[in-house]
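Heads up, the thing below is written out as structure tokens.
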Amino acid sequence: MDTGKWIKEKTLVLASIMTLLVTAPSLAAENQELLTLKQVVDDAIRNNPAVIESQKRWEEKQARIPLAKAWPNPQLGIMKDDIPDSSLNPFDAMMTEYTFTQDIMNPAKLKAMGKMAGSDAEMARANYQDKQMEVYTAAKAAYYDLLYSDKALEIGKENQALMGQLVQIAQVNYSTGMVPLQDTLRAQTEFSKMTADLLSMASMAAVAKAKLNTVLGRTADTPLAVKEEFSAPPPNFDFTKLQQEAQAGKPAVVGMERQVDMAKNGVELAKKQQLPDYQLSVGYKDRKQTMMNADPDTWKMEVMVMLPLWQDKNKAEIKSAAANLKAAQASLTNMQNMTGLDLQMAMTEAQSAWRQINLYKNTVIPQAEQTYQAGVVSYTNGKVDFMAVLDSLNALRNVRLDYYKARIDYEKAAANLEKAVGKPLFTSSALL
């Protein structure tokens with residue numbers, strides 16, 4: 001049996017199988033509209049269930065503001081009095097009394113409760129905005145993970161094509177007696193391993209697509225295709241300006257500030273618990289007119305005052321509210337400090353990734369390409385062994401992947417920078 005012919009046929013079969021398994025999803029994706037980065041983040045913000053939940057929580061808190069300032073519902077009473085002992089019929093009563101009672105909370109308390117409800121609603125609004133930014137960042141991360149998976153698959157295909165050329169060169173060199181059969185077999189083995197690697201990369205791409213679908217609020221198997229975009233500018237960021245913007249407008253910081261406001265209103269309300277509440281009652285007595293009873297119908301009015309006599313209880317409420325205020329202030333300080341840390345870490349990651357991008361683009365990739373090309377020429381002429389060429393091919397694949405990963409890492413770091421500031425900086429979106 002012709003060994004060279006068998007190896008060639010084996011390689012063609014593997015290539016055909018790989019084409020069917022790997023390109024089929026790509027062909028399906030080509031039939032879809034490519035989603036831009038803006039479409040991805042906008043769809044995520046509109047349709048992500050966590051964002052919708054936060055929005056409804058905010059709407060719930062807003063609706064509760066009038067409830068906090070409202071009086072209790074009044075009470076209406078009807079009493080039948082002087083029912084004869086010979087009858088159990090209430091309509092035989094000699095007198096019917098109608099009463100209307102209204103509890104009146106001290107206006108100062110109602111005002112404080114309204115402020116607390118308002119702060120609570122503002123805190124829910126800030127949480128909603130923070131959830132939007134969280135989903136915005138997650139959508140970007142998932143988008144770039146999918147881009148990386150697709151690029152890894154693309155580079156893997158290109159690498160396998162180069163490996164196919166090496167297989168042919170090894171077959172020619174073997175047929176002329178320049179290299180042993182072992183080189184040809186090794187080349188075919190590496191080609192087969194690359195086929196397995198491509199299958200694994202295709203699976204990773206499918207998982208990345210499912211994750212992006214989940215962030216978008218879709219089922220994991222929804223058909224999806226995205227357009228490659230790199231939106232972040234070079235990392236010439238003004239740290240001081242970004243920090244000021246983050247401290248002033250980041251939703252997480254604003255939410256903690258509203259929590260402090262709510263705690264302050266809680267202290268105010270606790271102090272106002274020392275003020276009295278009231279109850280107003282109006283009654284009307286309807287007397288049955290008989291020969292034995294000619295008393296006229298009468299009205300009655302009653303005002304009751306609920307006196308806060310138990311000062312120990314009031315003092316405990318004030319002490320509890322004051323402790324809650326200090327805890328909220330400490331949480332705000334911690335959030336402000338963590339915001340500065342997140343901003344610094346994101347800027348450091350972005351600058352590091354940007355330096356790697358320039359290094360790979362201008363130095364590492366050109367060197368790896370030259371090394372591989374020189375190795376192929378030398379191997380064709382029988383001056384180097386197959387392993388040297390294989391090492392240079394794998395090195396070329398790795399540096400190309402590393403370069404693309406550095407670009408992805410830079411975009412992710414830029415997205416984390418946006419999250420640290422609390423608003424989009426590089427991609428317009430439908431945020432509140």
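The values are calculated or read from the model by the stated rules, or taken from the named source; none is laboratory data. Note that the coordinates shown come from a computational prediction; the quantities given were computed from them, not determined experimentally. Positions of Cβ are generated from backbone atoms using ideal geometry, with glycine treated the same way; all protein chains shown enter the neighbour counts. Areas reflect the complete protein model, heavy atoms only, side chains present, ligands, DNA and RNA absent. Shrake-Rupley method; radii C 1.70, N 1.55, O 1.52, S 1.80 Å.
Within the range 381-398, whose backbone N sits under 20 Å from a point 7 Å along Cα→Cβ of Gln370? Answer for the range 381-398: 384, 388-398. Each peptide in 97-103, 153-159 gets a packing score, the mean of other Cβ atoms within 10 Å over its residues, and the list from highest to lowest is 153-159, 97-103. Each label point was placed 7 Å from the Cα along the Cα-to-Cβ direction; for Thr240 and Asp82 their separation is 8.8 nm. Taking all protein chains as they are arranged and a probe of 1.4 Å, the heavy atoms of Arg400 leave approximately 60 Å² accessible to solvent. Accessible surface area normalised per residue over the range 332-374 is 60 Å², counting heavy atoms of protein chains with a 1.4 Å rolling probe. Its Kirkwood hydrodynamic radius, worked out from the mean inverse distance over all distinct Cα pairs, puts the range 42-129 at 17.3 Å. The list (i) 0.95; (ii) 1.35; (iii) 1.32 gives values of Rg/Rh (Cα atoms, Kirkwood Rh), and only one came from this structure; which label was calculated from it? Among (i) 0.95; (ii) 1.35; (iii) 1.32, the one calculated here is (iii). Can you tell me the 0 to 90 degree angle between the C-alpha axis of helix 386-421 and the longest principal axis of the chain, rounded to 10? Helix 386-421 sits at roughly 20 degrees to that axis. Fully extending the segment from Lys227 to Tyr284, taken as 0.36 nm per residue of separation minus the present Cα-Cα distance, adds 12.7 nm.
Excluding same-chain neighbours fewer than eight residues apart, the aspartates and glutamates reachable from Lys264 by a Cα-Cα span under 20 Å are Asp120, Glu122, Glu317.
Whole angstrom only: what separates the Cα centroid of the range 98-133 from the Cα centroid of the range 353-432? After rounding, the separation between the Cα centres reads 55 Å. Note on Gln75/Ala316: beta-carbon distance plugged into 1/(1 + (r/R0)^6) with R0 of 22 Å gives a FRET efficiency of 0.15.
Simple spin-label estimate for Asp295 and Ser378 gives 12.2 nm between the two label positions (7 Å along the Cα-to-Cβ direction from each Cα). Surface composition of the chain: carbon plus sulfur atoms hold 56% of the accessible area, using a 1.4 angstrom probe and ignoring ligands, DNA and RNA. Applying a threshold of 28 Å to the alpha-carbon distances of Lys111/Lys319; Lys271/Lys419; Lys115/Lys326; Lys151/Lys250 flags Lys271/Lys419; Lys151/Lys250 as lying beyond it. For the peptides 127-136, 326-335, 345-354, residues were scored by their other Cβ atoms within 10 Å and the scores averaged per peptide; the highest-first order is 127-136, 345-354, 326-335.
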